[in-house]
Structure formats: C-alpha cells, structure tokens
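Just below is one structure, and these are the notes that go with it.
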Amino acid sequence: MIVTENYLGKIVFSTDYIKSVVSKTVSECFGVAGMSCTSLKEYIISKFPVLEKGFPGTGIKVKIVENEVKISLHISVAYGTNISAVVKSVKNKVRFALAETAGIPVRSVSVYVDNVKC
C-alpha cells in the first residue's frame, strides 16, 4: 500500500487500485493487443471469466519500495506496429496516469513484450 499525507489527512492506495489504473491505461494504448499472463494463477483465472471480475491486473506486477511504485507489465503487441514506440508510449502513459489520478510517485516501469498478435 502507498500512503500519502496532506493537510486534509491520510490517503492509502491499495495495489489493486494501482493495478486497475494501470490496466485501464495500457488497454487504451495504441499497438497493445492485450496483456499476457505472468503466472499459472493468472492463466487459470483468465480461462474462467467469472473469476476474472474480482482479479484486476492480469500481466501487471506492482512492487512498493520506499513509498514509490515499481511496475512490471507483460503485454502483447499488434503485428505491424513499431515495438519500441509502443513500449515508450506505454511507459509514459502509465507514469502520467498514476501521477495525474492519484499523485503516486513511480520509480520505474518495465515493459516486457511477450507476444506479437496478428
């Protein structure tokens, strides 16, 4: 959890909230065909749509270090797009979305391209 304090009080952001913001942001990026599963648990949940509703963030790992967020993304890229441009765009949009919506400091965003889809 990320804890932010200001003159109004304390705000606590859960990792599920961070995953949902990142997931929505990545799904809107040009050239991203989808998210890739990073574990057996995610793979099983992705095969059952009923379970998937309560499990945000397939392909997203969030690690909190010294009240900053480190994000690892596993994506599939659409065939024919410039992969380096897509990765750069995803990194910038994720940083901007977390800073804009919640003011969460991002230490790093790592993007791994696991697949190219036609």
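What the table below lists for this structure:
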{"quantity": "Residue count, the range 84-95 (criterion: over 12 Å from the mean Cα position of the chain (by Cα) and either in contact (Cβ under 8 Å) with a residue 40 or more places away in the chain or part of a strand (DSSP E or B) (or both))", "calculated": "3"}
{"quantity": "Gly9 on the phi > 0 side of the Ramachandran plot and surrounded by 12 or more Cβ atoms within 10 Å (Cβ to Cβ)", "calculated": "no"}
{"quantity": "Residue match in the range 18-37 (condition: out of contact with any Ser or Thr (no Cβ under 8 Å at 6 or more places or on another chain), within 16 Å of Gly103 (Cβ to Cβ), surrounded by 18 or more Cβ atoms within 10 Å (Cβ to Cβ) and not polar (S, T, N, Q))", "calculated": "yes"}
{"quantity": "Residue match in the range 41-59 (condition: at negative phi and touching a residue at least 40 places away in the same chain (Cβ under 8 Å))", "calculated": "yes"}
{"quantity": "Selected residue [at pLDDT 90 or above, out of contact with any Asp or Glu (no Cβ under 7 Å at 6 or more places or on another chain) and on the phi > 0 side of the Ramachandran plot] from Gly103, Gly31", "calculated": "Gly31"}
{"quantity": "Wholly enclosed strands (runs of 3 or more DSSP E) of the range 1-83 bearing at least 1 residues within 18 Å of Ser108 (Cα to Cα)", "calculated": "2-6, 9-13, 60-65, 68-78"}
{"quantity": "Residues of the range 60-88 satisfying the condition of being over 12 Å from Thr15 (Cα atoms) and crowded, with 18+ Cβ neighbours inside 10 Å", "calculated": "Leu73, His74, Ile75, Val77, Val86, Val87"}
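Residue-wise test of (1) of a type in the set (Asp, Glu); (2) within 10 Å of the chain's Cα centre (by Cα).
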site	(1), (2)
Lys10	no, no
Ile18	no, yes
Thr25	no, yes
Glu28	yes, no
Ala33	no, no
Ile45	no, no
Thr58	no, yes
Ile71	no, yes
Tyr79	no, no
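The values are calculated or read from the model by the stated rules, or taken from the named source; none is laboratory data. Computed from a predicted model, the values in this text were never measured in an experiment. In this analysis, Cβ positions are derived from the backbone assuming ideal geometry, glycine residues included, and neighbour counts consider all displayed protein chains.
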